[in-house]
Amino acid sequence: MSRTNEGRGHPASFRDRDGFLYERDGVLYRQVNRAYAAHYDLLMQSGLYDRLVSEGALIAHRELSQPGLVPDLAYKVLEPDRIGFISYPYEWCFSQLKDAALATLDTMADALEHGLTLKDASAYNIQFRSGRPLLIDSLSFIKYEEGQPWIGYRQFCQHFLAPLALMACTDIRLGQLLRVHLDGIPLDLASRLLPWRTHLNPGLQVHLHLHASAQRRVGSGRASLGRGRKGVSRLGLRGLIDSLQRTVRSLSWEAGRSDWAGYSEFHNYDEAATQQKVKAAESFLDELRPASLWDLGANTGRFSRLASGRGVATIALDFDPGAVELNYRQTRQTQDPNLLPLLLDLRNPSPSQGWAHQERQSLVERGPAGALFALALVHHLAISNNVPLGMIAEFLTGLSPSLLIEFVPKQDPQVQRLLASRADIFPDYGVDGFETAFNPYFEIHRRDPVGDSGRLLYWMEARS
Amino acid sequence: MSRPLSYLDPGSGSYLLQLLIAGALGALFALRIYWSRIKRFIARLVGRAKDEQDE
C-alpha cells in the first residue's frame, strides 16, 4: 500500500464490519472489532491459524497491545506480515488464478475440520508470495454452524470458477472480464459465453450453468428458498468443496497451444548479443543495487531472474498470457521468493478503480519501483502502438528514477517485421530521435552497444 | 433453516442450489472416501500375500 492513508481505514477495506486495515507511521495494522471476537478466538485457539500459517497458506500476524484506530469497537490490533506488491486477479495468468482457487478451497476444507468456515471467497483476499498463493485476510473465518450452507459459494464461482472456465474453454483473453466485473463474472454471462460442451462437464454444469439458472429462477420468483427446509449437512458441505476442487482441477490451459507465441522472440536473438545484454543488466543491478525492480515486457522472465536472484523484489510484467503462464510455472517450481510474474498491457495498464476510484490501485499508484528494465520494448510501444518517444519517456519517469532501456533501430529485423504491413510514419525513430526525446526526462548514465546487432542499451537516471 | 448473518449476501439462488445439490455431492464424497479405503485395504492384502510368497 503505497498511497498514504494515515489515520484512515484502507480504501479497499470497508465492506466487512468485523474489522479493517489502516496505516499509521508507515506500518499496516488490522483492527479486529469486538463483534468478531468469538470467531477470532476460535481461529487462534482451534489450531487452524497455526496450521495454515505453518503451511504458508495464511498471512502471519502479531497481536499488539495498542488501542486501535476506532478504540470503541476494537477487540485486538494486529500487525500482519507486509506484502511488498499487491496484485489483482485481472493481472494473474491462468495458473495463478487456478492456484488461488485451489488454495481457497483447501483453506475452506481445513477450516471445516477445525469447526470454522470461510465467510467469503474473494480472489482479492489472495496474494502471491514465493510463487504460491497466500490468504491475506485473517478475518475471513467464522464459527461453523451445523446446517449452514457456504456463504462464499456464489462469490467463489464468480471470482474463480467462471473466469477459469471461460479462459480454459472459450478464450484465454476472457480472464480480462475480471477487470470490469470487480465482484467476479456474473454467472449468467459466463453461462452464455461458455461452449455447449461444458454442459457435459458435471462440475461446470452444476456450479455454473445450473447455478445461473437457479439465480434466474429465484430472481424471477419461480422458485423459493422453501422455509422449513433442512440446511446443508457437514458432509454435504464437504461434498460441495470436493466437487469444486475436482472441477477446478479439471480445467487447464496450455500456453503452447495458443496463438500467443511472443515468448519465442528470444530465439531470434544472436546468443553473443544476448550474453552482452545479460552482462550489462548484471552490472546495472550490481552498481545500482535497487530494492525493487519492474521488468516491463519481461516475456518469460529471463532478465527478471537476474534481479530476483540478487534479492531484488522483482515484478515481471508482460501482456502475453502465454509468456506470463510460462514465467509463473517456473517461479512456482523454483519457489522464487523475489519474483512475481503478472499480466499487464502497458498500452492500457491497470487503472485505479472500484469505489471512489480507490479500491484497486493503478500500476503507477503501486510504485515507484527502485529500477526499471525496458528491454526489447520501445519499438513495440513506438511503432506498433504509435506512442511518440517523448511520451514513453514521460511515462517511464513516473514509474522509477532508474532505467535500463534498449533501443532497437529501424533496420533491426524485429522492427522491419512491425513495419512490413504499414506506412513508416516514424521519421524521428532513430538513435538521435530517441536520445533527444528522452533528454528532458532522463540523463544518460551509460550507453553500450548490444553486440553488432545495432541495438543500444542505455542506463538512464531521471532528472530531478 | 436459519440464515447466518454475514456482511456478504450469499445470493438466494446460490443458497437454493446448495440445498438441492449438497446431499448428492456429500454422498458421492463419502463413496469416494470408502472406495479409496477399500482399494488401500485390498492393496495391503495383496502386498502381504506377495511378501509371504517371496519368503
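Within region B:31-40, does at least one residue satisfy the condition of being closer than 30 Å to A:Leu187 by Cα, modelled with pLDDT of 90 or more and either facing chain A (nearest Cβ under 8 Å) or in a helix (DSSP H, G or I) (or both)? Checked against the condition, which is being closer than 30 Å to A:Leu187 by Cα, modelled with pLDDT of 90 or more and either facing chain A (nearest Cβ under 8 Å) or in a helix (DSSP H, G or I) (or both), region B:31-40 yields at least one hit.
Checked against (1) open to solvent by 40 Å² or more (accessible area, probe 1.4 Å); (2) closer than 25 Å to A:Gly367 by Cβ; (3) not polar (S, T, N, Q), A:Tyr458 passes all but a single condition, namely (1).
Once region A:2-40 is narrowed to residues that are modelled with pLDDT of 95 or more and open to solvent by 40 Å² or more (accessible area, probe 1.4 Å), the residue that is farthest from the chain's Cα centre (by Cα) is A:Ala38. Using the structure shown, decide if A:Glu443 is charged (D, E, K, R), surrounded by 16 or more Cβ atoms within 10 Å (Cβ to Cβ) and modelled with pLDDT of 95 or more. Considered against the rule, which asks whether it is charged (D, E, K, R), surrounded by 16 or more Cβ atoms within 10 Å (Cβ to Cβ) and modelled with pLDDT of 95 or more, A:Glu443 comes out as no.
Each row is one residue, and each column tells you yes or no for (1) under 14 Å from the mean Cα position of the chain (by Cα); (2) within 13 Å of chain B (Cβ to nearest Cβ).
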residue	(1), (2)
A:Pro89	yes, no
A:Asp99	yes, no
A:Tyr124	yes, yes
A:Pro149	no, yes
A:Tyr153	no, yes
A:His199	no, no
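Each residue in region A:291-305 was checked for being crowded, with 21+ Cβ neighbours inside 10 Å and either more than 22 Å from A:Val378 (Cα to Cα) or out of contact with any Ser or Thr (no Cβ under 9 Å at 6 or more places or on another chain) (or both), and 5 of them qualify.
For region A:126-139, a residue qualifies if it is polar (S, T, N, Q) and either open to solvent by 10 Å² or more (accessible area, probe 1.4 Å) or facing chain B (nearest Cβ under 10 Å) (or both), and exactly one does: A:Ser130. So which residues in region A:41-56 are open to solvent by less than 30 Å² (accessible area, probe 1.4 Å) and under 19 Å from A:Lys143 (Cα atoms), if there are any at all? Correct list: A:Leu43, A:Gly47, A:Leu48, A:Tyr49, A:Leu52. When each of A:Pro368, A:Pro388, A:Pro337 is tested for being over 15 Å from the mean Cα position of the chain (by Cα), under 24 Å from A:Glu287 (Cα atoms) and surrounded by fewer than 16 Cβ atoms within 10 Å (Cβ to Cβ), the lone residue that passes is A:Pro337. Counting only helices (runs of 4 or more DSSP H) that sit wholly inside region A:154-255, those with at least 2 residues that are open to solvent by less than 30 Å² (accessible area, probe 1.4 Å) are A:162-169, A:187-193, A:211-219, A:234-250.
Tell me which residues, restricted to region A:64-85, are open to solvent by 60 Å² or more (accessible area, probe 1.4 Å) and either touching a Ser or Thr at 6+ places or on another chain (Cβ under 7 Å) or within 23 Å of A:Glu359 (Cβ to Cβ) (or both). Result: A:Leu73, A:Arg82, A:Gly84. Among the residues of region A:140-153, those identified as in contact with a Lys or Arg (Cβ under 8 Å, 6 or more places away or on another chain) and surrounded by 24 or more Cβ atoms within 10 Å (Cβ to Cβ) are A:Ser140, A:Phe141, A:Ile142, A:Ile151. Among the residues of region A:86-122, those identified as open to solvent by less than 10 Å² (accessible area, probe 1.4 Å), in a loop (DSSP other than H, G, I, E, B) and closer than 20 Å to B:Tyr7 by Cβ are A:Lys119, A:Asp120, A:Ala121.
If you go through region A:72-86 and keep only what is among the acidic types (Asp, Glu) and either in contact (Cβ under 8 Å) with a residue 40 or more places away in the chain or over 23 Å from A:Leu340 (Cα atoms) (or both), you end up with A:Asp72, A:Glu79.
The values are calculated or read from the model by the stated rules, or taken from the named source; none is laboratory data. Since we're looking at a predicted model, the values are computed, not measured. Cβ atoms come from the backbone with ideal geometry, glycine included; neighbour counts cover every protein chain shown. Surface accessibility is based on the protein's heavy atoms, side chains included, excluding ligands, DNA and RNA. Shrake-Rupley method; radii C 1.70, N 1.55, O 1.52, S 1.80 Å.
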